[in-house]
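Peer 1: Handing you this structure, nothing more for now.
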Amino acid sequence: MNIHEYQAKELLQKFGVATPRGKAASTPEEAEQAARELGTDNLVIKAQVHAGGRGKGTFANGFKGGVHLCKSPEEVRDVASKMLGQTLVTHQTGPAGRVVNKVLVAESVDIAREIYFAILLDRATAGPIVVASTEGGVEIEAVAEKSPEKILREKIHPLAGLQAFQTRKLAKQLGFEGTQAKAAAKLFEGLYRTFLACDCSMVEVNPLVVTPEGQVLALDAKFNFDDNALYRHPELAAMRDIAEEDPREVEASKHGLNYIGLDGNIACLVNGAGLAMATMDIIKSYGGSPANFLDVGGSATGDQVTEAFKILISDDKVKAILVNIFGGIMKCDVIAQGIIDAVKAVNLPVPLVARLEGTNMEAGKKLLAESGLAVITAGDLADAAEKVVKAAGGGK
Amino acid sequence: MSVLVDKNTRLVVQGITGNTGGFHARQCMEYGTNVVAGVTPGKGGQKFDGKVPVFDTVWEARQETRCNVSVIFVPAAGAADGILEAVDAGVELVICITEGIPVMDMMRVKAEMAGRPSRLIGPNCPGIITPGACKIGIMPGYIHKPGSVGVISRSGTLTYEAVWQLTSRGLGQSTCIGIGGDPINGMSHLDAVKLFNDDPGTESMILIGEIGGTAEEEAAAWIKENCRKPVAAFIAGTTAPPGRRMGHAGAIVSGGKGTAAGKIEALKAAGIAVAETPAVMADTLIARLKGSN
């Protein structure tokens, strides 16, 4: 799950992490009011969408830039009126863009120095790790490639947590001195508490800035939350903005299906994440292109299969569907009945290839054969891939 | 011969009175697994299906039944606690089937288990089976056949696929271990490879990996230097887009690390035969056994 920039800043402030003052607004009037409350002429207004590259983005109405510096509350109001309700296209949104429903109005700060600071869960050490660099404000991957010696790594003990000496050491290594070093150490400690308290898999502050006056502030923050832990964070779950998500994925998650939309034309319905990935791979290796990843899980019901089908065929790029089930707990006859019900309910517009193996496989195949539906059956994985790629009109 | 579990395994099922736990406990018993106890807090004193004693704590189950392996079907919110309870009771092997455990919980479990004698398989895994002797987990028993191929995998149904290919071609398995698809888990590919390498009943191995992390690369490096047995492998996720989590929390490519291409290269560099598609996992091993690839 992702959250908006204004939500990230609210979260950080709750844990004592210093950020530039600011407020979210949904109307030009609210934006103007927020600007007045800040009591400064150094203002910035930022469109709130879950995508990077906002500054260089363009609105569908021709207005340029999702981030603007403003000199007065009136100017903020004017810019807000050109952003709100409009579609912003950036290099990360795709051509369809995202509708801007909120803007963040904040004080604009001058920057003397930019730092990169992130805390993430490291699989290799099975614990948190700090990754930081004096080269902030740019893509950290580029820094890691060009000058790896400029990347700091500090392991955090999974049970003991981030120690005070580690925050002092990091502050020193990142070039902070005196009161600034204290402020930086406090900020690092606050970030770690946020990371821990919110079950994050990553908190990334880029940039963390030092102002000419010597303030240390988190200018922008990106959070990755552990979806498995959201059940114990209702306050985070409430920050979810489904308008920012692929509607097919939202629909799928309602029915307990694990769906990820892709760009190809062969829809897949598979049980198990590993087999679902492998099914996408084999479609590709036979010259086709998968339209999605869909794992119906280990214990899907007939109803879930029906819902899954509805989502698959709602994608008008889809030219053929492959069902690949290796029944373990999942019984093939249940899947077959789900397919039959779905096809009857939605009037299947494209060819369907089904490969059923495992528990109750014979009963499942019999159901499909007797249903009178034009289902192309496949014997094994290779056969299934070959048939579905052909059915979609492709192949080597 | 086999690794970790066999006819002598004495299994305790944590969560035996739940729907899932009960269903799979029965399936395991039908396969011939020796289920000696169940644990559900508050249900101590009952008998599961009229024969398996249920205890409130793993500690009591261990005292009373000398159970040495545990399988966990406890819901995600309590599963980490369940693992540590089994470890505390001195259970030698803990297999956690539960999926959806918060990764910070697993981080603490892993740190707590450091230096203790218990081993963990999973979480978010199908379990472990020694065909014809002992099935612990949710895999369909009948697709397996006793034999000499060791199978190691991060994925459930993809393991069934590999096992079924082997069985259909007449090749049995010594033991099949599903290590699970979470980013922080117990036994790694490498741990399993070492066990199979030392097992006289295992003559070859299939190693199934997927995108994310570096566990497959670590196993490959060790195999290159130390492994005496033929190994075939498959990596799922060649076509997965970066930055997206493909079902398994571990299956995500980030920052250019953990790509399928990188893993396949590491495996090939270690002399492992890599299956081009998931349809030829068994055939790739067979070809390697005949020395033709």
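The values are calculated or read from the model by the stated rules, or taken from the named source; none is laboratory data. Treat the numbers as computed from the prediction; the structure is a model and nothing was measured. Cβ coordinates were reconstructed from backbone atoms using ideal geometry, including for glycine residues, and neighbour counts include every protein chain displayed. For the accessible areas, the whole protein counts, side chains as well, though only heavy atoms, and no ligand, DNA or RNA atoms are used. Shrake-Rupley method; radii C 1.70, N 1.55, O 1.52, S 1.80 Å.
Peer 1: Rounded to the nearest 100 Å², what is the buried accessible area between B and A, both sides summed, probe 1.4 Å?
Peer 2: Working: alone 12430 and 18760 Å², together 27360 Å².
So the buried area, both faces added, is about 3800 Å².
Peer 1: Give the percent of DSSP beta bridges with both residues in the protein assembly as shown that are antiparallel, rounded to the nearest 5. Could you put the intermediate results ahead of the total?
Peer 2: Values: 60 of 112 bridges.
Beta bridges within the protein assembly as shown, antiparallel portion: roughly 55 percent.
Peer 1: Multiply the residue gap between A:Ala60 and A:Arg36 by 0.36 nm, knock off their C-alpha separation, and tell me the result in nm, one decimal place. Write out the running numbers ahead of the final one.
Peer 2: Numbers: separation 24, 0.36 × 24 = 8.64 nm, distance 2.87 nm.
Result for the pair: 5.8 nm of gain on full extension.
Peer 1: Calculate, for the protein assembly as shown, the solvent-accessible area per residue in square angstrom, rolling a 1.4 angstrom probe over the heavy atoms of the protein chains.
Peer 2: Details: 27360 Å² over 689 residues.
Spelled out: the 1.4 Å probe surface of the protein assembly as shown, per residue, equals 40 Å².
Peer 1: Right, something else. Taking every DSSP beta bridge with both residues inside chain A, roughly what % is antiparallel (nearest 5)?
Peer 2: Values: 50 of 67 bridges.
In chain A, DSSP labels about 75 percent of beta bridges as antiparallel.
Peer 1: Go ahead and set up a Gaussian network model of chain A, Cα springs under 10 Å, then flag whichever of A:Ala354, A:Ala18, A:Ala369 fluctuates most.
Peer 2: Looking only at A:Ala354, A:Ala18, A:Ala369, the largest GNM fluctuation is found for A:Ala369.
Peer 1: Roll a 1.4 Å probe over the protein heavy atoms and report the accessible area of A:Asp341 in Å², nearest 10.
Peer 2: Counting only protein heavy atoms, A:Asp341 exposes about 70 Å² to solvent.
Peer 1: Taking every residue in A:377-383, how many Cβ atoms of other protein chains lie within 10 Å of its Cβ, on average?
Peer 2: Details: counts 0, 0, 0, 5, 8, 5, 1.
Rounded to a whole number, the mean comes out at 3.
Peer 1: Taking N as the number of residues in chain A, what is its alpha-carbon radius of gyration divided by 2.2 N^0.38 Å?
Peer 2: Numbers: Rg = 25.5 Å, N = 396, 2.2 N^0.38 = 21.4 Å.
That ratio works out to 1.20.
Peer 1: Follow-up. With a 1.4 Å probe on protein heavy atoms only, tell me which residues of region A:310-331 lose at least 30 Å² of accessible surface in the complex relative to the chain by itself.
Peer 2: A:Phe326, A:Gly328, A:Ile329
Peer 1: Okay, next question. Starting from 0.36 nm per residue, how many nanometres of slack lie between A:Lys71 and A:Phe165 once their C-alpha separation is accounted for?
Peer 2: Numbers: separation 94, 0.36 × 94 = 33.84 nm, distance 4.19 nm.
The A:Lys71-A:Phe165 span can extend by a further 29.6 nm.
Peer 1: Now a separate question. Two-decimal Rg/Rh of region A:243-396 from alpha-carbon positions, Kirkwood Rh?
Peer 2: Answer for region A:243-396: 0.93.
Peer 1: A further question on this structure: Please compare each pair in A:Lys254/A:Lys317; B:Lys145/B:Lys290; A:Lys319/A:Lys366; B:Lys43/B:Lys194; A:Lys64/A:Lys284 to a cut-off of 29 Å on the Cα-Cα distance and tell me which ones are over it.
Peer 2: On the way: A:Lys254/A:Lys317 23 Å; B:Lys145/B:Lys290 21 Å; A:Lys319/A:Lys366 26 Å; B:Lys43/B:Lys194 39 Å; A:Lys64/A:Lys284 39 Å.
Check vs 29 Å cut-off fails for B:Lys43/B:Lys194; A:Lys64/A:Lys284.
Peer 1: Provide Rg and Dmax in Å for chain B, with only Cα atoms included in the calculation.
Peer 2: Both quantities, over Cα of chain B: 18.5, 59 Å.
Peer 1: Measure off, as a whole percent, the carbon and sulfur share of the 1.4 Å-probe accessible area of the protein assembly as shown, all protein chains present. Display every interim value, and only then the final one.
Peer 2: Values: 13720 of 27360 Å².
In the protein assembly as shown, the share of accessible area belonging to carbon and sulfur is 50 percent.
Peer 1: Sticking with this one: Only sites in a loop by DSSP and with at most 12 other Cβ atoms within 10 Å count here; which GluC sites (Glu not before Pro) in region A:145-252 make the cut? Mind dumping the intermediate values first?
Peer 2: On the way: sites: A:Glu145, A:Glu149, A:Glu154, A:Glu177, A:Glu189, A:Glu204, A:Glu213, A:Glu235, A:Glu244, A:Glu245, A:Glu249, A:Glu251; in loops: A:Glu177, A:Glu213, A:Glu245.
In loop regions of region A:145-252 (DSSP not H, G, I, E or B), the sparsely surrounded GluC sites (Glu not before Pro) are A:Glu177, A:Glu213.
Peer 1: When chain B is treated as a GNM, springs tying every alpha-carbon pair under 10 Å, which of B:Ala275, B:Ala261, B:Ala111 comes out with the largest mean-square fluctuation?
Peer 2: The residue that fluctuates most here is B:Ala111.
Peer 1: Just counting partner chain Cβ atoms within 10 Å, what average do the residues of peptide B:101-112 show around their Cβ?
Peer 2: Values: counts 3, 9, 10, 13, 4, 4, 8, 4, 2, 4, 6, 2.
Shielding by partners across B:101-112 averages 6.
Peer 1: Sticking with this one: Take chain A, connect every pair of alpha-carbon atoms lying under 10 Å apart with a spring to form a Gaussian network, then pick out the residue of A:Ser26, A:Ser201, A:Ser147 with the largest mean-square fluctuation.
Peer 2: In this elastic network of chain A, the residue with the biggest mean-square fluctuation among A:Ser26, A:Ser201, A:Ser147 is A:Ser147.
Peer 1: Considering only chain B, what is the antiparallel percent among its DSSP beta bridges, to the nearest 5?
Peer 2: Antiparallel bridges make up about 20 percent of those DSSP assigns within chain B.
Peer 1: Related question: With unit charges on the beta carbons (Lys and Arg positive, Asp and Glu negative) and the dipole taken about the Cα centre of the protein assembly as shown, which residue among B:Ser168, A:Ala378, A:Cys70 sits farthest to the positive side?
Peer 2: Checked the options; the winner is B:Ser168.
Peer 1: How much FRET efficiency would the formula 1/(1 + (r/R0)^6) give for A:Asp383 and B:Trp59, where r is the Cβ-Cβ distance and R0 is 51 Å, rounded to 0.05?
Peer 2: Values: r = 52 Å, r/R0 = 1.02.
After rounding, the FRET efficiency stands at 0.45.
Peer 1: Heavy atoms only, probe 1.4 angstrom, no DNA, RNA or ligands counted: give me A:Arg168, B:Arg108 ranked by accessible area, highest first.
Peer 2: Values: A:Arg168 150, B:Arg108 90 Å².
Most to least solvent-accessible, the answer reads A:Arg168, B:Arg108.
Peer 1: By how many degrees, between 0 and 90 and to the nearest 10, does the Cα long axis of helix B:189-198 differ from the longest principal axis of chain B?
Peer 2: The angle comes out near 90 degrees.
Peer 1: D for region B:1-123, whole µm²/s, Stokes-Einstein with Kirkwood Rh over alpha-carbon pairs at 10 °C and 1.306 mPa s: what number? All intermediate terms of the calculation are to be shown ahead of the outcome.
Peer 2: On the way: Rh = 14.2 Å.
Reported coefficient: 112 µm²/s.
Peer 1: Still on this structure: With a cap of 16 neighbouring Cβ atoms within 10 Å, and only residues DSSP puts in a loop, list the GluC sites (Glu not before Pro) found in region B:39-121. Don't skip to the answer; put the middle values down first.
Peer 2: Numbers: sites: B:Glu60, B:Glu64, B:Glu85, B:Glu92, B:Glu99, B:Glu112; in loops: B:Glu92, B:Glu99.
Within region B:39-121, the qualifying GluC sites (Glu not before Pro) (loop, at most 16 other Cβ atoms within 10 Å) are B:Glu92.
Peer 1: Distance between the C-alpha centers of region A:236-310 and region A:106-152? Whole Å please.
Peer 2: The distance from the Cα centre of region A:236-310 to that of region A:106-152 comes to 33 Å.
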